[in-house]
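Notes follow once the structure below has been shown.
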Amino acid sequence: MLYGGHIKAPEDIDFLRKLKFDFGEVIVRDKASRSLWANSGVTNQYDDGFFLVAHGPHEGPPNDLNNIWNTYIPALAETVDIIERMGISFLTIHSWMDPRFVKTSVLEEKKNALRRIVDYGRQHKVVISLENLSENAADFEAVLNVVPDLAVTLDVGHGQLLTETNTSFGIIERLGSSIRHVHLHDNRGGTGVRDDLHLGIGEGIVDFPGILRALVGSGYNGTMTLELEKYDLQKGRAKINRIIQLSQE
């Protein structure tokens, strides 16, 4: 596996490289951060093998099609332009596709929006990857049936929210071949954004041994971002690495 952490500012790159992480996930959340990275001079070229991926902006109101088409999709396109110039070729995005909370008509239009941004990404040699929020495997399958070249970013912490059983298991089982990136953090379950605590590994109830065993069993051997505070990164990496080693014995 390849382990990474968040990069919110250029100096975070040196921090992760000193800790011998494999990569960093550049956070491009809003207009200010797009401006920051557009003018940073940072490029995805490092002599030690370190590399960069990216994470795009928040979607905004999930049922507001005007916002999706006129604000969110343009923001994603601008993000693609910026990271292409930085030499980054992988972008994780949000688009809430849970039919419990998003209207059916909106879900259908969102699929068209995702088709649009995936095509735009391809034109600029950037892979677009959709991160699970509260969706289950069936919800994501409905999206991939329309946009089959959309990649999946599996967020195991999000998989613990608004559910009795972590949805990561179903996503791995049914969509394992589409998973291109993983986010790791812990929580105690819950029913909303306030419960997305991003605790250190093992501080919540996420079944990391079970999920990682399933992930490794599916053949995954790619990038994993530890979405943790800086002080938790090394400890989190060691814990995850140990769990994976044990799962292979």
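The values are calculated or read from the model by the stated rules, or taken from the named source; none is laboratory data. What you see is a predicted model, and the numbers here were worked out from it, not measured in a lab. Neighbour counts run over all protein chains shown; Cβ positions are idealised from the backbone, glycine included.
The set of residues in the range 1-29 that are in contact (Cβ under 8 Å) with a residue 40 or more places away in the chain, in a loop (DSSP other than H, G, I, E, B) and among the charged types (D, E, K, R) contains only 22. On the given criteria, is residue 244 of a type in the set (A, V, I, L, M) and buried (at least 20 other Cβ atoms within 10 Å of the Cβ)? Considered against the rule, which asks whether it is of a type in the set (A, V, I, L, M) and buried (at least 20 other Cβ atoms within 10 Å of the Cβ), residue 244 comes out as no. Residues that are assigned to a loop (DSSP other than H, G, I, E, B), surrounded by fewer than 22 Cβ atoms within 10 Å (Cβ to Cβ) and of a type outside the set (Asp, Glu) were ranked within the range 97-106; the one that is farthest from the chain's Cα centre (by Cα) is 103. Please determine whether any residue of the range 65-85 is in a loop (DSSP other than H, G, I, E, B) and within 26 Å of residue 159 (Cα to Cα). Looking through the range 65-85, none of the residues is in a loop (DSSP other than H, G, I, E, B) and within 26 Å of residue 159 (Cα to Cα).
The single condition among (1) over 27 Å from residue 101 (Cβ atoms); (2) in a loop (DSSP other than H, G, I, E, B) that residue 62 does not satisfy is (1). Inside the range 18-36, can you point out the residues that are under 18 Å from the mean Cα position of the chain (by Cα) and not β-branched (Val, Ile, Thr)? Within the range 18-36, 21, 22, 23, 24, 25, 29, 30, 33, 34 qualify. In the set (1) loosely packed, with under 15 Cβ neighbours inside 10 Å; (2) among the small types (Gly, Ala, Ser); (3) more than 16 Å from residue 138 (Cα to Cα); (4) touching a Gly at 6+ places or on another chain (Cβ under 9 Å), residue 204 fails one condition alone, (1). Among the residues making up the range 221-241, those that are of a type outside the set (Lys, Arg) and buried (at least 20 other Cβ atoms within 10 Å of the Cβ) are 223, 224, 225, 226, 227, 228, 232, 233, 236, 240.
Results for (1) at pLDDT 95 or above; (2) closer than 15 Å to residue 159 by Cβ; (3) out of contact with any strand residue (DSSP E or B) (no Cβ under 9 Å at 6 or more places or on another chain); (4) of a type in the set (D, E, K, R), shown as yes or no for each residue.
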residue: 172; (1), (2), (3), (4): yes, yes, no, no
residue: 189; (1), (2), (3), (4): yes, yes, yes, no
residue: 194; (1), (2), (3), (4): yes, no, yes, yes
residue: 206; (1), (2), (3), (4): yes, yes, no, no
residue: 214; (1), (2), (3), (4): yes, yes, yes, no
residue: 219; (1), (2), (3), (4): yes, no, yes, no
residue: 233; (1), (2), (3), (4): yes, no, no, no
residue: 238; (1), (2), (3), (4): yes, no, yes, no
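Filtered by the rule that a residue be surrounded by fewer than 21 Cβ atoms within 10 Å (Cβ to Cβ) and either under 19 Å from the mean Cα position of the chain (by Cα) or within 19 Å of residue 130 (Cβ to Cβ) (or both), the range 37-58 gives 44, 50, 51, 57, 58. When the range 146-175 is filtered for residues that are surrounded by fewer than 20 Cβ atoms within 10 Å (Cβ to Cβ) and farther than 25 Å from residue 113 by Cβ, the ones remaining, listed by number, are 163, 164, 165, 169, 173.
Screening the range 1-12 for residues that are of a type outside the set (Gly, Ala, Ser) and out of contact with any Gly (no Cβ under 6 Å at 6 or more places or on another chain) and picking the one that is surrounded by the most Cβ atoms within 10 Å (Cβ to Cβ) gives 3.
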